[in-house]
1. Would it be correct to say that Ala191 is within 16 Å of the ligand (Cβ to nearest atom), out of contact with any Ser or Thr (no Cβ under 7 Å at 6 or more places or on another chain) and aliphatic (A, V, I, L, M)?
2. Residues of segment 92-140 being within 16 Å of the ligand (Cβ to nearest atom) and of a type in the set (Lys, Arg), which ones?
3. Go through segment 33-72 residue by residue and tally those that are over 22 Å from the mean Cα position of the chain (by Cα), open to solvent by 30 Å² or more (accessible area, probe 1.4 Å), more than 22 Å from Leu393 (Cα to Cα) and in contact (Cβ under 8 Å) with a residue 40 or more places away in the chain.
4. Does at least one position in segment 333-341 carry a residue that is within 16 Å of the ligand (Cβ to nearest atom), at negative phi and touching a helix residue (DSSP H, G or I) at 6+ places or on another chain (Cβ under 9 Å)?
5. One residue is enough: does segment 152-160 have a residue meeting the conditions open to solvent by 10 Å² or more (accessible area, probe 1.4 Å) and either within 16 Å of the ligand (Cβ to nearest atom) or at pLDDT below 95 (or both)?
6. What number of residues within segment 360-396 are of a type in the set (Gly, Ala, Ser) and within 16 Å of the ligand (Cβ to nearest atom)?
7. Give the residue, chosen from Val316, Val295, Val276, that is assigned by TED's automatic domain parsing to the domain that holds Ser97 and buried (at least 17 other Cβ atoms within 10 Å of the Cβ).
Amino acid sequence: MARVPDAWTPAVRRVLPAMRAWRMALHQEPELSTHEDRTRDKIVAALDELGIPHREFSDFPGVIGTIGADRSGPVVAIRADMDGLPVTEETDLPFRSKFPGRMHACGHDVHMACVLGVAAALMRSPRPDLGPIRLLFQPAEEEGTRGGALPLIEHGGLEGPKVDYVVGQHVDPSLPLGKVGWRVGPLMAAADKFRLVVRGRGGHAASPHQGPDAVVVASEIVTGLQTVVSRVVNPVDPVVVSVGSIHGGTRNNILPDEVELEGTVRTLHAETRDQVERAFRRKVRAIAAGWGARVRIEYERGYPPTINDAGATRAVVDGLAIELGRENVVEVAHPLMGAEDFSRYLERVPGTFLRLGVGVPGRPASLHSATFAPDERALVVGAATLGAAAEALQRGNR
Ligand code: NI
């Protein structure tokens with residue numbers, strides 16, 4: 001079926017003043033993971049104003065809206081995350097955060113405004129030819145372990161009517177403004193964390209032979225873990241094992257009883273994730289046993305890898321090429337080793353996670369930094385991207 005090129009961009013531009021206002025209000029009052037109550041209230045007020053039916057919950061700040069619930073055709077969900085970060089904003093934006101220690105330093109304000117922009121565009125310029133569109137506003141993406149996607153799914157985010165496809169996006173300062181990045185297969189990593197407590201026998205540092213020295217054992221574990229990356233996993237399958245914290249001892253001439261290590265493990269495939277955890281446990285136990293030391297291993301799984309469905313991604317890329325111009329739809333060369341709980345939806349429903357370019361020459365600022373200020377021209381591209389992606393998935397599957 002032929003479709004009008006460039007259909008979403010003008011529709012979204014017509015609602016740009018509202019998108020800007022929502023984005024500024026959300027940006028000014030960021031809230032940390034699981035505490036997004038005022039953010040939820042702002043989303044609910046916007047949906048009420050637009051006349052979009054939605055569900056909210058007393059025990060959880062997520063919001064689930066649906067446009068065209070009674071229509072036929074595949075149901076496509078578009079998702080925005082809602083939380084800010086514990087960062088004190090250092091931009092000179094007129095709408096910068098009112099609160100020290102809280103900032104939308106990851107662009108989730110832009111993500112929310114884009115989903116609201118699609119909603120507003122559909123209410124102002126109705127598209128009865130489209131099937132149902134689910135709006136998912138999800139808290140706690142930055143939380144890292146349970147996150148907000150799982151609770152949103154448990155609260156019915158993918159049901160009633162049942163969602164067939166899911167689309168999300170994240171601002172990306174490494175990608176030029178106006179461009180959208182895509183990738184088939186793994187886009188982002190699984191992020192697991194560990195804590196190890198190595199127990200040796202403390203004593204005078206002049207008599208190290210009297211017991212396993214927890215400092216030496218811990219040091220050997222730090223270096224030994226790197227061989228899990230280099231000698232257990234296929235070299236073309238990226239893995240990161242990083243020790244980010246190591247604590248033990250109080251002074252130069254006393255050997256401590258205990259040394260504690262904490263770190264993160266990043267993998268791109270479910271099988272590699274299992275393989276690395278097994279090898280990690282084996283290696284740590286073997287090194288400790290070799291010294292006659294004891295070790296407690298706490299290994300906690302965080303978000304799974306974000307795996308984009310091939311068919312859904314290709315359909316979306318074709319739709320975006322028509323909407324934005326093929327030159328603006330670029331393949332992301334390598335997966336990112338950061339994690340994202342959008343992966344929880346992709347475990348259940350095919351779909352794709354996109355990167356929204358916000359990079360402007362001469363304005364380098366990274367995600368999570370106190371000076372991060374994505375260009376607001378990305379609002380139009382971001383909303384048009386979500387709209388065109390949803391439409392492509394519906395059209396490709398009728
Ligand atoms: Ni983020």
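1. Taking the combined requirement at face value, the residue does not satisfy it.
2. Arg102 - this is the single residue of segment 92-140 that is within 16 Å of the ligand (Cβ to nearest atom) and of a type in the set (Lys, Arg).
3. Residues in segment 33-72 being over 22 Å from the mean Cα position of the chain (by Cα), open to solvent by 30 Å² or more (accessible area, probe 1.4 Å), more than 22 Å from Leu393 (Cα to Cα) and in contact (Cβ under 8 Å) with a residue 40 or more places away in the chain: 5 in total.
4. Yes, some residue in segment 333-341 is within 16 Å of the ligand (Cβ to nearest atom), at negative phi and touching a helix residue (DSSP H, G or I) at 6+ places or on another chain (Cβ under 9 Å).
5. Yes, segment 152-160 has at least one match.
6. Matching residues across segment 360-396 total 7.
7. Val316
Yes or no, residue by residue, for (1) in the same structural domain as Ala77 (by TED's automatic domain parsing); (2) within 30 Å of Gly359 (Cβ to Cβ); (3) at pLDDT below 95:
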position	(1), (2), (3)
Asp172	yes, yes, no
Arg183	yes, yes, no
Val197	no, no, no
His204	no, no, yes
Ser207	no, no, yes
Ser230	no, no, yes
Asn234	no, no, yes
Gly244	no, yes, no
Gly248	no, no, no
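The values are calculated or read from the model by the stated rules, or taken from the named source; none is laboratory data. Quantities reported herein were computed from a predicted structural model and do not represent experimental measurements. Every residue, glycine among them, receives a Cβ derived from its backbone with ideal geometry; neighbour counts consider all protein chains shown. Side chains are part of the model used for accessible areas, which takes the heavy atoms of the whole protein and leaves out ligands, DNA and RNA. Shrake-Rupley method; radii C 1.70, N 1.55, O 1.52, S 1.80 Å.
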